[in-house]
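S.K.: I have a structure I would like to understand better, so I am pasting it below and will then ask my questions one at a time.
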Amino acid sequence: MYLRYGEIDLSKKYRNYITNSSFPYTLELNTQKEINIYLEGIYNSIVLKDIATRKKTIDIPMLGSVIKFMFDNVGNLCSSTNISNSMTSAGRKISVHTVESYLESLLECFVLYKAERYDVKGKQYLSSGNKYYICDTGLRYYLLGDKKVDMGHILENVVYLELLRRGYEVYVGKVGNLEVDFIVKGKNGYEYYQVALTVNDEQTLSRELTPLDNISDHNPKFLLTMDDAPTMSHNGIKQIYVLDWLLDR
């Protein structure tokens, strides 16, 4: 719905969506300062205070550090242990138990979403190596700016949220030693999605197609990219311009 608002071109709308926030009220604001004040209010009043209410004893600065860490690692495989180790190594000592407690609160408040892993060939859910996605990429830009931003993972986050909005169960896929960005389960069965910023060179295209090619069933397979090109097929894998896909429903 956001991309349908206003008259500016799709690529600019997408940029505004990921940097200024997907919260509808930001469309009524005129300056970046106004948007930042609004996002600051959401972060302080809803995120921090809501979690502090749920957890009677909580270290607010440490919670803020966990949030920043997770926002900086969108789309990366994470465990409570490696989060604890990484933060401790960076000078913010935190136990695995505390990380788990804070992650649980962030999931309960829908600040974070967890995508569990599914082994396609083994047909089983895996207990380790989850990925986490954030409710709004604008909050990430508010907290971290352009620091080490991986635009591919930001796009992955946008696609993940849209798949949830469309009513799918969404998992991260494992195919042998390869990874499929998303395996989704809906009323018509399973679909497979790879997400890439661009596949204009043959090496990148091959890398993105290989995990999907290694899935032997005949469920629909998609490659979503920011390459503004007509929809095409690679041995049955449909490559789609992701902004067209976002407007599809």
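S.K.: Check Ile35 against each of (1) at pLDDT 90 or above; (2) out of contact with any Leu (no Cβ under 6 Å at 6 or more places or on another chain) and name the one condition it does not meet.
M.R.: Tallying (1) at pLDDT 90 or above; (2) out of contact with any Leu (no Cβ under 6 Å at 6 or more places or on another chain), Ile35 fails exactly one: (2).
S.K.: Which one is surrounded by the fewest Cβ atoms within 10 Å (Cβ to Cβ) among residues in the stretch 41-78 that are among the aromatic types (Phe, Trp, Tyr) and under 13 Å from Leu103 (Cα atoms)?
M.R.: The residue in question is Phe69.
S.K.: May I pose another question? Out of Lys174, Lys185, Lys131, which single residue is part of a strand (DSSP E or B) and free of Cβ contacts under 8 Å to residues at least 24 places away in the same chain?
M.R.: After ruling out the rest, the residue left standing is Lys185.
Yes or no, residue by residue, for (1) crowded, with 21+ Cβ neighbours inside 10 Å; (2) assigned by TED's automatic domain parsing to the domain that holds Ile35; (3) within 19 Å of Pro220 (Cα to Cα); (4) out of contact with any strand residue (DSSP E or B) (no Cβ under 6 Å at 6 or more places or on another chain):
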residue	(1), (2), (3), (4)
Ser128	no, no, no, yes
Asn157	yes, no, no, no
Asp181	yes, no, yes, no
Lys187	no, no, yes, yes
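S.K.: In addition: Would you check which residues across the stretch 133-146 are surrounded by fewer than 17 Cβ atoms within 10 Å (Cβ to Cβ) and among the small types (Gly, Ala, Ser) and list them?
M.R.: Answer for the stretch 133-146, where residues must be surrounded by fewer than 17 Cβ atoms within 10 Å (Cβ to Cβ) and among the small types (Gly, Ala, Ser): just Gly145.
S.K.: Another question, if that's okay. Residues of the stretch 189-218 being closer than 15 Å to Leu163 by Cβ and either modelled with pLDDT under 95 or buried (at least 17 other Cβ atoms within 10 Å of the Cβ) (or both), which ones?
M.R.: Selection gives Gly189, Tyr190, Tyr192, Tyr193, Gln194, Val195.
S.K.: Then there is this: Out of Val120, Val170, Val149, which single residue is surrounded by 15 or more Cβ atoms within 10 Å (Cβ to Cβ) and at pLDDT 95 or above?
M.R.: Going through Val120, Val170, Val149 in turn, just one is surrounded by 15 or more Cβ atoms within 10 Å (Cβ to Cβ) and at pLDDT 95 or above: Val170.
The values are calculated or read from the model by the stated rules, or taken from the named source; none is laboratory data. Owing to the predicted nature of the structure, the values given are computational and were not obtained by experimental measurement. Quick reminder, even Gly has a Cβ in these numbers, built from the backbone with ideal geometry, and neighbours come from all protein chains shown.
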